[in-house]
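First the structure, in the form of structure tokens, and then the observations on it.
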Amino acid sequence: MDDRIGKIQDIEKRLRTGGITRREARKEQYDFVTDCIEGFLPPFEEMDVGELEVVVVKIVNAYQRPAAQEKIEASMAALREVTDRPEFKKFTSVLSKSKR
């Protein structure tokens, strides 16, 4: 799935460099959506391009959300570790006194 997400995210770049046509890009997005979600989608030729792009973005975001959340939590834990140090607390105390 990571490879498919990466390929979907690179569509605009591949379009700009002439690697694929706009129709091929939309077909790739359509196939990606139909593989990822169940339910009725109109035939490719009838699919609204704007709606297709919105669905693609929602799927990619939903897939990447757990990893992004994990990174945020790890960053927050590292930040808490730094701000809980006595040296940091002393430094911020000195700074707040100097502003008065």
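No value in this document is a laboratory result; all are computed from the given coordinates. Being a predicted model, the structure only gives us computed values, none of them experimental. Cβ sites come from the backbone with ideal geometry, for glycine too, and all protein chains shown count toward neighbours.
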Phi to ³J(HN,Hα) by Karplus 6.51 cos²θ - 1.76 cosθ + 1.60 over segment 25-36, Hz, x for Gly, Pro: 5, 5, 5, 4, 5, 4, 4, 4, 5, 5, 6, 8
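Give a quick list of GluC sites (Glu not before Pro) in segment 1-54 that DSSP marks as loop, anything other than H, G, I, E or B, with at most 13 other Cβ atoms within 10 Å. Before the final figure, lay out the partial values.
On the way: sites: E12, E24, E28, E38, E45, E46, E51, E53; in loops: E38.
Listed in order of number, the matching sites are E38.
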Cross-link partners among aspartates and glutamates for K90, C-alpha distance below 16 Å, same-chain residues fewer than 8 apart left out? E81
What list of ³J(HN,Hα) values in whole Hz, one per residue of segment 52-57 in order, does the Karplus curve 6.51 cos²θ - 1.76 cosθ + 1.60 (θ = phi - 60°) give from phi, with Gly and Pro shown as x? 4, 5, 5, 5, 4, 4
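Would you mind getting me the FRET efficiency between V94 and Q9? Use the beta-carbon distance for r and R0 = 30 Å, nearest 0.05. Write down the numbers at each step before the final one.
Details: r = 46 Å, r/R0 = 1.53.
Rounded to the nearest 0.05, the efficiency is 0.05.
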Sequence neighbours fewer than 8 away in the same chain don't count; with that in mind, list the lysines whose C-alpha is under 24 Å from K89. K97, K99
What dipole magnitude, in Debye to the nearest 20, does the chain give about its Cα centre under +1 on Lys/Arg Cβ and -1 on Asp/Glu Cβ? 1160
HN-Hα J in Hz across segment 12-21 - Karplus 6.51, -1.76, 1.60, θ = phi - 60°, x for Gly and Pro: 4, 5, 5, 5, 4, 8, x, x, 9, 8
